[in-house]
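J.: Just dropping this structure here.
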Amino acid sequence: MKKVLALVLAVVMILSFAACGTQNANIVKTDLSKPVTIKWVMPGPGMQTDAEKVFAKFNEELHKVKGFENLTVEIEVIPVSDYAQKIMLMQTSGEQIDILQTYTLDHATEYRNGTIIDLSDYMHLLKETVKEVPEWVIEMGKVDGGQAIIPNYQKMVNAPWGFVIPKENQKYIDDWDGFVEKLTDVTSDAQYYETIEKEYLSKVKDAGEIDKGWSINAYIKNYDDLYNPFRFDRETKKVHHKNVNPDGTMPEMYKWHRKFFKAGYIRKDILSAKQKDVEGKKDGSVMWKAQCWPGYEENMSKNYDIDVAAFRGTSKDYISFKPGAGGFAVPVNSEYPDVAMKIINLMNCDEGIELYNLLVYGFEGEHYKVEKELDGNDKYITPKDYPSEGNSSSSYGLWKWVVGNAENAYVTSKERETYKKEIFEEQNINAERSELIGFVPDITSIETKIGQIKAIKSDSGLFEGVHENYEEVYKNYVQDLRYAGLDEVTAELQSQVDAFLASK
């Protein structure tokens, strides 16, 4: 399955990268006719039982690829919870790292601090990747005009959030299609909450079947995402770059949540409920929030062990300006940056598909079972000791979106056979992309204020509707945010966004 970029664009990009490469006389050119070892560090489940065995096989197969006969790749997988701290220690000690995966790291800060190099002069070594990965994905890895990382290509759209109810509860909704239509791309909180109450929650309650009620997801807790200027405007139904306005729709939302809590629609134990309960897994919830990826009703019915009906909150897919899965960087202490780029290229293009899947899934028969051969040498597989993504207890299994181009990964039985077509040929291609791709804010002058703002948590229970005096609680919350510098931060970020857009 291929991503077909416009030929002219691909040729232009390749030639421009090649030109960049010839301009820098200091570019490293490693002699691979002699033995060379590079080190690749990535986050994941840690070093699993069979990791060394798989890594040895990876190098054995790599040696069969023309040009890599003398190259050995030393791979270290660090538990994701320890990753940022461990990388900092490795960098401080000057330890050699040739390929650094940046998930959980701030690649812009790494680049601006000089701990990773500008890859611009090495892009001619990624000719195949540039042909096969969409141009805008590569652009996501830019910082201040330089190529800081090569983003990992995966499902790039923002999580398509929607709501789920037990399938048997559809009987309370007179017109399911009409209900869904009213709750898709809504332009006001009033329409949204009135529809949910009138056409569903009140009827379930009147029937005496409210049980736990709505497991409302408390996902708005603070301003952790304050300096992400990617927003969806429900009124214009477009993506824009305005920052959060605390005087906007939130008070209206809190009003409705308070009303619903008092009416018994929201579960009374919402503050103590564990995340798995809030996600609604067969625990008596009559409604909960979930990510509605293609085939979501079928997939969620498997995951929750109950038949469900679900709907998305928006009819449109959106792609943010940030690479959510991180990407490949080459640290400044790399001994072989050119070789690192060649391996990065291999993990992102057709030539390296077999090596990539070996590294992700391990050995056929031992670590996974092939259920079905798919088109183009693709496979539909069932991992032996994990459902879709390897963990620390697995004998082997890495994260496909960390190792390389996830479009080249086998499809696991946790997913639909048509998963890759739906994600890579439809969602990723047809989604509306942020106009800010290539923009990374410089928070140097406002970093302290951002830290103060992020430390201010909204009062527990405000979002969930448990406070009788929610208006006062919210007012105090916003006052604290403003005292910490919210307005100054918003103004500075908006200025940077406006300048970036003006330069395009």
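The values are calculated or read from the model by the stated rules, or taken from the named source; none is laboratory data. Given the structure is predicted, the values throughout are model-derived calculations rather than measurements. So basically every Cβ, Gly included, is an ideal-geometry build from the backbone, and we count neighbours across all protein chains shown. Surface accessibility is based on the protein's heavy atoms, side chains included, excluding ligands, DNA and RNA. Shrake-Rupley method; radii C 1.70, N 1.55, O 1.52, S 1.80 Å.
J.: Please determine whether any residue of the stretch 404-414 is out of contact with any Asp or Glu (no Cβ under 9 Å at 6 or more places or on another chain), at pLDDT 85 or above and surrounded by fewer than 18 Cβ atoms within 10 Å (Cβ to Cβ).
T.: No, that holds for no residue.
J.: Of the residues Leu398, Leu436, which is more than 27 Å from Thr314 (Cβ to Cβ), of a type in the set (A, V, I, L, M, F, W, C), open to solvent by less than 30 Å² (accessible area, probe 1.4 Å) and in a loop (DSSP other than H, G, I, E, B)?
T.: Leu398
J.: Okay, moving on. Regarding Lys302, is this residue open to solvent by 40 Å² or more (accessible area, probe 1.4 Å), touching a Phe, Trp or Tyr at 6+ places or on another chain (Cβ under 9 Å) and not aliphatic (A, V, I, L, M)?
T.: no
J.: May I ask you to list pairs of residues, at least six apart or on different chains, whose Cβ atoms are under 9 Å apart, with the first in the stretch 366-389 being touching a residue at least 60 places away in the same chain (Cβ under 8 Å) and open to solvent by 80 Å² or more (accessible area, probe 1.4 Å) and the second being among the β-branched types (Val, Ile, Thr) and assigned to a loop (DSSP other than H, G, I, E, B)?
T.: Listed by first residue and then by second, the contacts come to nothing, as the list is empty.
J.: Taking Phe68, is it in a helix (DSSP H, G or I) and either touching a strand residue (DSSP E or B) at 6+ places or on another chain (Cβ under 7 Å) or open to solvent by less than 30 Å² (accessible area, probe 1.4 Å) (or both)?
T.: no
So that you can scan it fast, the table gives a plain yes or no per residue for (1) modelled with pLDDT under 50; (2) closer than 28 Å to Ala406 by Cα; (3) assigned to a helix (DSSP H, G or I); (4) open to solvent by 90 Å² or more (accessible area, probe 1.4 Å):
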{"site": "Val11", "(1), (2), (3), (4)": "yes, yes, yes, no"}
{"site": "Ser16", "(1), (2), (3), (4)": "yes, yes, yes, no"}
{"site": "Asp31", "(1), (2), (3), (4)": "no, no, no, no"}
{"site": "Trp40", "(1), (2), (3), (4)": "no, yes, no, no"}
{"site": "Val54", "(1), (2), (3), (4)": "no, yes, yes, no"}
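J.: Here is a further query. If a residue must be in contact with a helix residue (DSSP H, G or I) (Cβ under 9 Å, 6 or more places away or on another chain) and either open to solvent by 30 Å² or more (accessible area, probe 1.4 Å) or not in a helix (DSSP H, G or I) (or both), how many such residues does the stretch 56-65 contain?
T.: Looking only at that region, the number is 3.
J.: Let me ask another. Residue check: is Val330 under 18 Å from Glu110 (Cβ atoms) and among the hydrophobic types (A, V, I, L, M, F, W, C)?
T.: So Val330 passes the test.
J.: Here are some residues: Ala263, Ala290, Ala218, Ala273. Which one is open to solvent by 30 Å² or more (accessible area, probe 1.4 Å) and either under 27 Å from the mean Cα position of the chain (by Cα) or modelled with pLDDT of 90 or more (or both)?
T.: Just a single option satisfies the conditions, and that option is Ala218.
J.: Could you please find all residues in the stretch 143-172 being open to solvent by less than 10 Å² (accessible area, probe 1.4 Å) and free of Cβ contacts under 8 Å to residues at least 60 places away in the same chain?
T.: Across the stretch 143-172, the qualifying residues are Gly146, Gln147.
J.: Could I ask something else about it? Please go through the stretch 416-433 and pick out each residue that is charged (D, E, K, R), more than 30 Å from Glu110 (Cα to Cα) and either open to solvent by 30 Å² or more (accessible area, probe 1.4 Å) or more than 18 Å from the chain's Cα centre (by Cα) (or both).
T.: Matches in the stretch 416-433: Arg416, Glu417, Lys421, Glu425, Glu426.
J.: Is it the case, given these coordinates, that Asp98 is acidic (Asp, Glu), out of contact with any His (no Cβ under 7 Å at 6 or more places or on another chain), closer than 23 Å to Trp399 by Cβ and surrounded by 16 or more Cβ atoms within 10 Å (Cβ to Cβ)?
T.: Taking the combined requirement at face value, the residue satisfies it.
J.: Assuming Pro331 fulfils every condition listed in (1) in contact with an Asp or Glu (Cβ under 6 Å, 6 or more places away or on another chain); (2) at pLDDT 95 or above; (3) more than 17 Å from Val403 (Cβ to Cβ) apart from one, which condition is it?
T.: (1)
J.: Further question: How many residues are more than 22 Å from the chain's Cα centre (by Cα) and closer than 15 Å to Leu398 by Cβ when one looks only at the stretch 355-365?
T.: Within the stretch 355-365, residues that are more than 22 Å from the chain's Cα centre (by Cα) and closer than 15 Å to Leu398 by Cβ number 4.
Results for (1) more than 29 Å from Pro441 (Cα to Cα); (2) assigned to a loop (DSSP other than H, G, I, E, B); (3) in contact with a helix residue (DSSP H, G or I) (Cβ under 8 Å, 6 or more places away or on another chain), shown as yes or no for each residue.
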| site | (1), (2), (3) |
| --- | --- |
| Asp283 | yes, yes, yes |
| Val286 | yes, no, yes |
| Ala290 | yes, no, yes |
| Met300 | yes, no, no |
| Ala310 | yes, no, yes |
| Thr314 | no, yes, no |
| Pro323 | no, yes, yes |
| Asn333 | no, yes, yes |
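J.: How many residues does the stretch 71-85 hold that are open to solvent by less than 70 Å² (accessible area, probe 1.4 Å) and of a type in the set (D, E, K, R)?
T.: So the count comes out to 1.
J.: Return the total of residues in the stretch 439-481 being in a loop (DSSP other than H, G, I, E, B) and open to solvent by 60 Å² or more (accessible area, probe 1.4 Å).
T.: Counting residues in the stretch 439-481 that are in a loop (DSSP other than H, G, I, E, B) and open to solvent by 60 Å² or more (accessible area, probe 1.4 Å) gives 7.
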